[in-house]
Amino acid sequence: MADVSRMTAPLSSGGTARWLALVGIGEDGRAGLAPAAAAALDAADLVVGGERHLALAAPLAARTLAWPSPLHAAFPEILAHRGRRVCVLATGDPFHHGVGVSLAGLISPEEMQVFPQPSAYALACARLGWAQQDCALVSLHGRALERIIPHLQPGARILALSWDGSTPGQVAALLASRGMGGSRLTVLEAMGGPRERLRQVRAATFDLTDVDPLNTLAVAVVADEAADVLPLVPGLPDALFESDGQLTKSEVRAVTLAALAPRRGECLWDIGAGSGSVGIEWALAHPDNRVIAIEARAERAGRIGRNAARCGVTQLTVIGGVAPAAFAGLPAPDAVFIGGGLGAPGLFGAAWEALRPGGRLVANAVSLEGEARLAALFLSHGGTMRRIQVSRLDAVGTMHGWRPAMAVTQWRVGKP
């Protein structure tokens with residue numbers, strides 16, 4: 001049996017014992033554990049895991065604790081055992097959509113030993129002969145189905161962790177509704193154990209039944225010529241957004257996104273969000289980006305939510321209320337876009353005060369009064385200004401001519 005003395009031996013770096021073992025376990029149970037992982041499991045005073053994990057690891061001599069709901073309710077019990085031997089069981093790799101990330105926020109790496117196994121993504125690629133680095137990896141477990149939409153690109157390969165046995169059918173229906181019914185779906189059930197099963201079907205003819213709740217979905221996307229595919233650059237077609245006319249048009253939106261300059265993990269306040277198009281494109285720039293859309297009119301607030309879902313944006317929160325009063329209690333933004341209501345008393349001052357140092361503020365105006373307000377702010381705060389003028393070809397009787405849209409004046413300023 002492997003030596004488990006390392007679990008309680010103090011570290012020279014900080015004198016902390018490695019008291020917590022994180023053990024990845026697969027559908028093959030104990031048979032798939034490395035000797036060191038099995039030894040850590042057997043040496044534990046407390047074993048924590050899901051009911052399925054505990055059954056796979058049986059027999060267990062130690063006291064067991066099944067994850068409660070919510071899962072983090074068990075963390076105080078785990079921390080109360082600091083210095084004693086605790087083993088936490090997880091599916092596959094504890095740090096790939098696993099509990100390891102949550103525990104690492106409470107317990108230093110120097111206090112842990114981690115024994116990962118292949119993740120569901122790795123197992124799926126091994127079964128299909130796919131290169132994992134070329135696949136989009138998505139978790140739909142406990143998350144909105146729409147998260148998969150930005151990844152639906154022609155020729156893409158997607159691996160998705162399912163929420164339950166209904167997820168593959170829901171994804172198939174989504175694909176068919178967006179003109180991707182020819183996509184090939186592989187449902188990989190209970191991989192690595194005696195119940196493993198792989199089944200393939202086209203999205204448009206999905207007819208699989210009795211899908212195991214523990215499944216991973218592999219999608220090879222095939223898109224029709226008219227498929228509803230999200231472009232990969234800013235300036236999405238205006239037709240993608242439900243609107244009552246309060247919409248930053250495609251060309252101006254692309255310029256506005258460039259001015260806002262989104263970076264990974266940043267938060268945007270979209271003030272006077274209208275249809276939500278600017279915030280939605282901000283979120284599409286990176287899956288870790290967040291948006292708070294502030295909109296006073298209830299019907300527009302509802303419309304923003306529908307537009308976000310259509311584009312697969314789940315990291316957007318709609319705040320119904322009048323700015324600046326609606327700012328109360330909101331997390332500080334890294335960038336602010338003011339698309340409407342710039343003349344509201346106190347709005348700019350409150351937004352500027354909330355903006356993080358080094359953040360960017362961009363405001364658009366189409367009226368003479370709005371432009372005058374931007375000019376005054378430019379003189380007092382600096383930054384840059386530009387006017388955006390777009391003309392679109394339109395019918396003029398039996399011929400065609402250029403029809404200019406209203407000019408947009410844009411001010412951009414960085415906060416020192």
Of everything in segment 71-97, what is more than 13 Å from residue 21 (Cβ to Cβ), open to solvent by 70 Å² or more (accessible area, probe 1.4 Å) and part of a loop (DSSP other than H, G, I, E, B)? Give them in sequence order.
82, 95, 97
Given the conditions (1) aliphatic (A, V, I, L, M); (2) touching a helix residue (DSSP H, G or I) at 6+ places or on another chain (Cβ under 8 Å); (3) surrounded by 13 or more Cβ atoms within 10 Å (Cβ to Cβ); (4) under 30 Å from residue 195 (Cα atoms), every one holds for residue 107 apart from (4)
Is at least one residue of segment 296-308 open to solvent by less than 20 Å² (accessible area, probe 1.4 Å), without any contact (Cβ under 8 Å) to a residue 40 or more places away in the chain, part of a loop (DSSP other than H, G, I, E, B) and not small (Gly, Ala, Ser)?
no
Does residue 265 count as at pLDDT below 95, open to solvent by 10 Å² or more (accessible area, probe 1.4 Å) and not β-branched (Val, Ile, Thr)?
no
Restricting to segment 309-342, name every residue that is hydroxyl-bearing (Ser, Thr, Tyr) and in a loop (DSSP other than H, G, I, E, B).
314
Among the residues of segment 287-330, write down those that are more than 22 Å from residue 260 (Cα to Cα) and β-branched (Val, Ile, Thr).
322
Name the residue that is most open to solvent (accessible area, probe 1.4 Å), counting only residues in segment 188-225 that are under 16 Å from residue 157 (Cα atoms) and out of contact with any Gly (no Cβ under 9 Å at 6 or more places or on another chain).
200
When residue 237 is run through (1) modelled with pLDDT of 95 or more; (2) open to solvent by less than 60 Å² (accessible area, probe 1.4 Å), the failure sits at (2)
Restricting to segment 76-103, name every residue that is over 18 Å from residue 24 (Cα atoms) and either among the charged types (D, E, K, R) or under 25 Å from the mean Cα position of the chain (by Cα) (or both).
77, 82, 84
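Quickly run through segment 268-281 and pick out the residues that are assigned to a helix (DSSP H, G or I) and either more than 13 Å from residue 247 (Cα to Cα) or open to solvent by 10 Å² or more (accessible area, probe 1.4 Å) (or both). Please lay out each step first, then the result.
Just the residues of segment 268-281 that are assigned to a helix (DSSP H, G or I), to begin with: 277-281.
Across segment 268-281, the qualifying residue is only 281.
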Counted residues in segment 362-385 being open to solvent by less than 100 Å² (accessible area, probe 1.4 Å) and in a helix (DSSP H, G or I) come to 11
Can you run down the residue pairs with Cβ atoms below 6 Å, 6 or more apart or on separate chains, where the first is in segment 386-404 and open to solvent by 100 Å² or more (accessible area, probe 1.4 Å) and the partner is in a strand (DSSP E or B) and among the hydroxyl-bearing types (Ser, Thr, Tyr)?
387/409; 402/391
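Just a yes or no: is a residue in segment 342-355 in contact with a Gly (Cβ under 8 Å, 6 or more places away or on another chain) and surrounded by 14 or more Cβ atoms within 10 Å (Cβ to Cβ)? Can you show your working first?
First pass over segment 342-355, keeping only residues in contact with a Gly (Cβ under 8 Å, 6 or more places away or on another chain): 342-343, 347.
Narrowing further to those that are surrounded by 14 or more Cβ atoms within 10 Å (Cβ to Cβ): 342, 347.
Yes, some residue in segment 342-355 is in contact with a Gly (Cβ under 8 Å, 6 or more places away or on another chain) and surrounded by 14 or more Cβ atoms within 10 Å (Cβ to Cβ).
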For the list (1) open to solvent by less than 50 Å² (accessible area, probe 1.4 Å); (2) of a type outside the set (Val, Ile, Thr); (3) within 21 Å of residue 244 (Cβ to Cβ); (4) in contact with a Gly (Cβ under 9 Å, 6 or more places away or on another chain), I need the number of the one condition that residue 415 fails.
(3)
Among (1) of a type in the set (D, E, K, R); (2) under 19 Å from residue 324 (Cβ atoms); (3) open to solvent by less than 10 Å² (accessible area, probe 1.4 Å); (4) in a helix (DSSP H, G or I), which single condition is residue 253 missing?
(2)
Restricting segment 120-150 to residues that are of a type in the set (D, E, K, R) and under 12 Å from residue 161 (Cα atoms), the residue that is modelled with the highest pLDDT
147
Filtered residue count, segment 310-329, keeping only those that are touching a residue at least 40 places away in the same chain (Cβ under 8 Å) and open to solvent by 40 Å² or more (accessible area, probe 1.4 Å):
3
Return a yes/no flag: does segment 142-158 have any residue that is open to solvent by less than 40 Å² (accessible area, probe 1.4 Å) and closer than 19 Å to residue 198 by Cα.
yes
Considering only segment 40-53, state which residues are under 13 Å from residue 68 (Cβ atoms) and buried (at least 18 other Cβ atoms within 10 Å of the Cβ).
48, 49
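Table: residues versus (1) at pLDDT 95 or above; (2) within 32 Å of the chain's Cα centre (by Cα); (3) at positive phi.
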position	(1), (2), (3)
311	yes, yes, no
343	no, no, no
354	yes, yes, no
382	yes, no, yes
390	yes, no, no
410	yes, yes, no
413	yes, yes, no
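The values are calculated or read from the model by the stated rules, or taken from the named source; none is laboratory data. Nothing here was measured: the structure is a model prediction, and the numbers come from that model. Cβ sites come from the backbone with ideal geometry, for glycine too, and all protein chains shown count toward neighbours. Heavy atoms of the whole protein, side chains included, go into the accessibility calculation; ligands, DNA and RNA do not. Shrake-Rupley method; radii C 1.70, N 1.55, O 1.52, S 1.80 Å.
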